[in-house]
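Worksheet: one structure, shown below.
Read-outs throughout are calculated quantities, based only on the coordinates presented, and are distinct from any laboratory measurement. This structure is a prediction, so every number in the text was calculated from the model and none was measured. Here the Cβ is made from the backbone with ideal geometry for all residues, glycine too, and neighbour counts use every protein chain on show.
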Amino acid sequence: MPVFPGRYTAQSDEPFVVFLIGMRINRLLAVRSWTRVAAAMPSMIAELKRDPELGLLHAEFLLYWRGVAVLQYWRSFDHLHAYAHARDARHLPAWAEFNRRVGGNGKVGIWHETYTVSSGQYECVYDNMPRFGLGAAVQHVPATGRLESARSRIAR
């Protein structure tokens, strides 16, 4: 991934959705449980990347103590919801598998958060970074002129 020297920001005139989803390993020795849960997400992201009409704009995998998360940007909540409920997509079988194998046994926790973002109601900056996060999902532009400060980026 090329690094873009200097300051950049992300720019979009369209609303979008930020979807965070992850898992937490509650029992470290329950390796079979948490590796199966972790293994489900990459194939879903690959499926979404193969078909841009499904609405995924970009995804980033993130590691944290006892877990992994995926930061996702979607074209709309309707796209996200449609994928989550599509009978011909990978999500529903993965969800059924999680409930069958893990369910409420407490070995692995899962979570998600969804945010709808209106145009102009966000700001971001990337200094000396490859395209990342929202900057990889929408237009990636130099943070110069009216885009130089956080206040001016969010008040567009």
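Taking each residue as 0.36 nm, the span from Met1 to Ala40 lengthens on full extension beyond its C-alpha to C-alpha distance by 11.5 nm. Of the residues Thr114, Thr9, the one with the fewest other Cβ atoms within 10 Å heads the list, and the complete ranking is Thr114, Thr9. Taking max minus min of the alpha-carbon positions on each principal axis, the chain gives extents of 54, 32, 26 Å, largest first.
For the pair His112 and Ser76, the difference between a 0.36 nm per residue extended length and the Cα-Cα distance amounts to 11.4 nm. Neighbours of Arg24, meaning other residues whose beta-carbon lies under 15 angstrom from its beta-carbon, give a summed charge of +3 when Lys and Arg score +1 and Asp and Glu score -1. Counting only alpha carbon atoms, the long axis of helix 91-101 and the longest principal axis of the chain meet at about 40°. Within the range 48-131, all pairs of alpha-carbon atoms sorted by distance into 10 Å bins from zero give the percentages 13, 38, 36, 12, 1.
Rank these for me by crowding, Glu60, Glu113, Glu53, going from fewest to most other beta carbons within 10 Å.
Numbers: Glu60 15, Glu113 10, Glu53 7.
Ascending Cβ contact count within 10 Å gives the list Glu53, Glu113, Glu60.
Net length available on complete extension from Gln139 to Asp88 is 15.3 nm, with 0.36 nm assigned per residue and the Cα-Cα distance removed. With unit charges on the beta carbon (Lys/Arg positive, Asp/Glu negative), name the residue among His91, Ala155, Gly133 whose Cα is farthest towards the positive pole of the charge dipole of the chain. Of the listed residues, the answer is His91.
Between the C-alpha center of the range 50-88 and that of the range 89-130 there is a gap of 7 Å.
Sorting Val138, Val31, Val37, Val117 on the 10 Å Cβ count, fewest up front, what's the list?
Ranking Val138, Val31, Val37, Val117 by Cβ neighbours within 10 Å, fewest first, gives Val31, Val117, Val138, Val37.
Size descriptors for the range 90-153, from the alpha-carbon set: Rg then Dmax equal 19.0, 54 Å.
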